[in-house]
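First the structure, in the form of structure tokens, and then the observations on it.
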């Protein structure tokens, strides 16, 4: 089997170009929906702010595609799986982590869609919400499979980390010890044409949940693999493939910051792509936190200079579009 055309070659070909209806891709992280540093998740209603953003964008004239992460949620499922295997010895392991990514696409998609339906009804909107299981192609030869870096699941104590199964890789992250898994580069979104068709039909589309279900294409067909794709990377890929007008990465930090956590910390409201690239090369944005988000924004802006790309916190989407909040990356 062969891959389709590269994403950049497909840019702008899938969504009809009705200039009266601009399209926004709104990406929110799994950590924003459930704080991995808290045993019971996040106590604040971040999802409420996310859904308000979505409806605000609809009312501003945008069609909306949503993507979301799943790091904490897929990690919890893995913990449940390990506990079940230890308790009942006849339970077999699933074929791969791709199954759990697919499961979180369903559970999170159901939760987000159900709540969004309620918000839309309450604000007198007519849009339907569609949740699409989305497969994303990766390379079996990606170096990520030999060097896992993607955090999943809750933060663990040193004692808990020492008791993890032998086949787990546990590393220190920005918030503490967590299990990490392979995070290969997304190459192609297999279901992009279905996403585009749903957007054109007027639906709010939830897609590429958890970075998408990771698959490889072999001579004998499509196979799931043991990995979790980075949500920001696949969001940038989808934004380019659809040729959207606006890419928003929504995260718990209100803007991109230089010298984060120091006395010289500086919030960036507006920055040129070349300057952001220079700061990235200087190591300003760690791989485990802001790094993938900056990489995703830059990839979209460089590929399609006319696309608006920005980062903000949930609840600030329209203010960020107006230049009053978040960080906007200029060409």
Q) Of all residues in region 147-172, which are under 14 Å from residue 228 (Cβ atoms) and under 20 Å from the mean Cα position of the chain (by Cα)? A) 148, 149, 150, 151, 152, 153
Q. Of all residues in region 149-186, how many are touching a helix residue (DSSP H, G or I) at 6+ places or on another chain (Cβ under 8 Å) and in a loop (DSSP other than H, G, I, E, B)?
A. 6
Q: Assess whether residue 252 counts as being part of a loop (DSSP other than H, G, I, E, B) and within 17 Å of residue 326 (Cα to Cα).
A: yes
Q | Considering residues of region 219-232 that are touching a strand residue (DSSP E or B) at 6+ places or on another chain (Cβ under 9 Å), surrounded by fewer than 19 Cβ atoms within 10 Å (Cβ to Cβ) and in contact (Cβ under 8 Å) with a residue 60 or more places away in the chain only, the residue farthest from residue 101 (Cα to Cα) | A | 222
(Q) Between 311, 297, which is at pLDDT 95 or above and in a strand (DSSP E or B)? (A) 311
Q. Out of (1) crowded, with 20+ Cβ neighbours inside 10 Å; (2) farther than 20 Å from residue 244 by Cβ; (3) modelled with pLDDT of 55 or more, what's the single condition that is false for residue 68?
A. (2)
Q) If you take the residues of region 267-290 that are touching a strand residue (DSSP E or B) at 6+ places or on another chain (Cβ under 8 Å) and in a loop (DSSP other than H, G, I, E, B), which of them is farthest from residue 257 (Cα to Cα)? A) 288
**Q.** Selection within region 272-301 - under 20 Å from residue 331 (Cα atoms), in contact (Cβ under 8 Å) with a residue 24 or more places away in the chain and surrounded by fewer than 17 Cβ atoms within 10 Å (Cβ to Cβ)
**A.** 272
Q) Scanning region 168-218 for residues that are on the phi > 0 side of the Ramachandran plot and surrounded by fewer than 24 Cβ atoms within 10 Å (Cβ to Cβ), which turns out modelled with the highest pLDDT? A) 202
Q.
Name the residue that is surrounded by the most Cβ atoms within 10 Å (Cβ to Cβ), counting only residues in region 233-258 that are in contact with a strand residue (DSSP E or B) (Cβ under 6 Å, 6 or more places away or on another chain) and within 16 Å of residue 286 (Cα to Cα).
A. 256
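The values are calculated or read from the model by the stated rules, or taken from the named source; none is laboratory data. This one's a predicted model, so the numbers in the text were calculated from it and none came from an experiment. Note: ideal-geometry Cβ built from the backbone for every residue, glycine included; neighbour counts use all protein chains shown.
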